[in-house]
Structure formats: C-alpha cells, structure tokens
Amino acid sequence: MKHFVGAMAVLAVLSAGAAHAEDSGDAAALKARSLYLAGDAAAALALAMPLAEAGVPRAQVLVGLIYDRGEGVAADSLKAMEWFEKAAAQGFPQALHNAAYTYEYGEAGVVVDLPKALSLYLQAAAQDFGPSLGNAATMLRDGKGVPVDMPLAVALYERGVALSDPHSNAEFAYMLAEGIGVAVDMPEARRLYEIAATQGIDWAQRDYGEMLERGEGGAKDLPRALEYYQRAVGQGNAMAGYDIAEMAWDNPETFPDKIKALAYCLWAEAQPPMQDGTDYDGKCADATAALGPAEVAEAKVMAESF
C-alpha cells in the first residue's frame, strides 16, 4: 500500500468552534464569519476589521484569511500572516495552526522554520485543534526538521482520531496498515480509511479502494473499490486512475469495458508526477496496442471527461 500526503493549508477559521465565543467582540466576529461563509467577504471584512484592530483573535484570523485569499481585497499574504501572528500571540488555535503551516512550508515570504512550526502546532494541539494534532504528529513521525518521536506522534494521531480529524484518520490508518510505530491492524486501518475517505481525503479514498479490491481487513468488494477509486480520480489522484485500469484488466468479469479501462489509464498517464515521483507516462502502451484506432480515439475522448 502506497502513501501520498498532499500539502494542504488548513485555513481553519471556517471550522472554529464556540470555545472562544464568550464576549460581545467574539460574538460579533462570529457574525462576520457567518457573512463570509454566506459569500459576502466585503461585508465580513467591514465588520471584522475594527474588531481585529481592537484585538479580537477570531476577527484577526478572519481578516487574515480574507487577505490571504484576496476576497474583496487585493491578496496580500504578508498582511495575512501579520494578522495570523497577532491572533497566535493570544493563543488562538486557528491562528497558531495557520502560522505553523506558513513556517512549515515557507509561504507568505516567511523563511521555513520547522522547529517553530512544530512548536506552534503543539500549542494548538494542546487545545484539541484537530488539524494541528495531525500535522504535529506527521512531523514527529517522519522527523521532518525535528527529532523523531514515535510515541508522541501516535498519541497525537490517536487524539486526532478521537476528534475525527480527517488527516489524523487517514495518517493513522496508513500506520496501522503498514505497522509503522504500531502493530498492524488491517480491520482498524480499513475502518479509519473509510472514515477519512468519506471526509474527502483523496489518497485515503485511493487506499481504501485498494483494501476493498484486495479484501484487506474485510471482505473483497470490487464495485465499491471502483466507487472509491473514482472519487479519488475526481480529486486528481493519478494512482487511483491507474488502479481502475489495472482492476479492469485483472477482473474483466467485473469491469468488461476495455475502452473505459484504457481511458482511465490515459487519464493517469496525462497527470503530472505524484509527490514521490511516480509517473504513469508510457504505462498505457500495451493496452493501447491491444485496441483498434477507433477504440483508442474513443478512450482518449473519454479520458478528457474524468
């Protein structure tokens, strides 16, 4: 089972809970957030800006988000980072997470500082902020700029799983499937992959599809495997597209459409290399040669629709 983690900046103001909604300023910030979620970034900014300037952390995060995305204002990642750091200085978990991500990946003109990123993630994780639990755990598991600490990584993932954080579900499923830092437990890996897949993690959709196809951790279910592979394809996961083609070639009784199988292969072939360098360019040569020119032309047209 292969594992590919997509870098995802969780600008987590959208998942903010009510833990900090205790005063009138924060209540107004929540109203600004509601305006933003309703699609009125300009009104949200007008309401949030004076609150942010008055030191309300939720408003500061929202203003940072609006500047980061350039919604209703000119995009300004440096200004966004300034607002995130103001809220982070007050210990606000969403801001701690956003600032940590920026230091981890060097966005907004910030120099990469992995120990600082981990420190900020851990501060947010201590407040049970799900995305930070998962990101801190991944840094500690992989030794990304910091010493490996597998016991702490496992503990953080387990807490993230308890809070149903999508990436914690997916990452811990991977560890259980591969026996990384924990004993192999395929049924539990399959259970967590299914949760992460339904939460929209593309590589979890792909890995869950593989478990269904192979009957790992439970019964084999090829139609459902195809369903989850297709979900991953819908998010641009090239490996899932090639998996569909391979499944069709290996199980013609389940997927007899050779043209559609080639179409998925061609789609995968056309995608850029994956993060680990896997490239499907040239993988469809034999399947292409086995079909006639009209069938290949039909497959090429079909591939463009995926």
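The values are calculated or read from the model by the stated rules, or taken from the named source; none is laboratory data. This is a predicted model, so every value here is computed, not measured. Quick reminder, even Gly has a Cβ in these numbers, built from the backbone with ideal geometry, and neighbours come from all protein chains shown.
Annotations
- Residues of region 113-164 satisfying the condition of being under 19 Å from the mean Cα position of the chain (by Cα) and either modelled with pLDDT under 95 or in a loop (DSSP other than H, G, I, E, B) (or both): D128, F129, K144, L163, S164
- Members of region 26-48 found to be within 28 Å of the chain's Cα centre (by Cα), among the acidic types (D, E) and part of a helix (DSSP H, G or I), listed by number: none
- Residue match in region 222-243 (condition: of a type in the set (S, T, N, Q), within 25 Å of the chain's Cα centre (by Cα) and part of a helix (DSSP H, G or I)): yes
- Checking region 272-290 against the condition returns a match, with at least one residue being among the aliphatic types (A, V, I, L, M), crowded, with 16+ Cβ neighbours inside 10 Å and over 29 Å from the mean Cα position of the chain (by Cα).
- Qualifying positions in region 44-65 - at pLDDT below 95 and in contact with a Leu (Cβ under 6 Å, 6 or more places away or on another chain): L65
- Within region 223-241, restricting attention to residues that are over 13 Å from W203 (Cα atoms) and either in contact with a Cys (Cβ under 8 Å, 6 or more places away or on another chain) or of a type outside the set (A, V, I, L, M) (or both), the residue that is surrounded by the fewest Cβ atoms within 10 Å (Cβ to Cβ) is P223.
- Filter result for the condition that a residue is farther than 21 Å from S119 by Cα and of a type in the set (D, E), over E71, E107: E71
- Residues of region 80-114 satisfying the condition of being of a type in the set (D, E) and crowded, with 24+ Cβ neighbours inside 10 Å: E104
- Subset of region 248-265 [in contact with a Phe, Trp or Tyr (Cβ under 9 Å, 6 or more places away or on another chain) and either crowded, with 21+ Cβ neighbours inside 10 Å or β-branched (V, I, T) (or both)]: A248, A261, A263, Y264, C265
- Cross-chain or 6+ apart pairs with Cβ under 9 Å, region 156-169 first and within 13 Å of A196 (Cα to Cα), then surrounded by 15 or more Cβ atoms within 10 Å (Cβ to Cβ) and modelled with pLDDT under 95: H167/V5; H167/V10
- Residues of region 136-173 that turn out to be surrounded by fewer than 24 Cβ atoms within 10 Å (Cβ to Cβ) and hydroxyl-bearing (S, T, Y), as a count: 2
- Residues in region 196-221 that are in a helix (DSSP H, G or I) and without any contact (Cβ under 8 Å) to a residue 12 or more places away in the chain: 2 in all.
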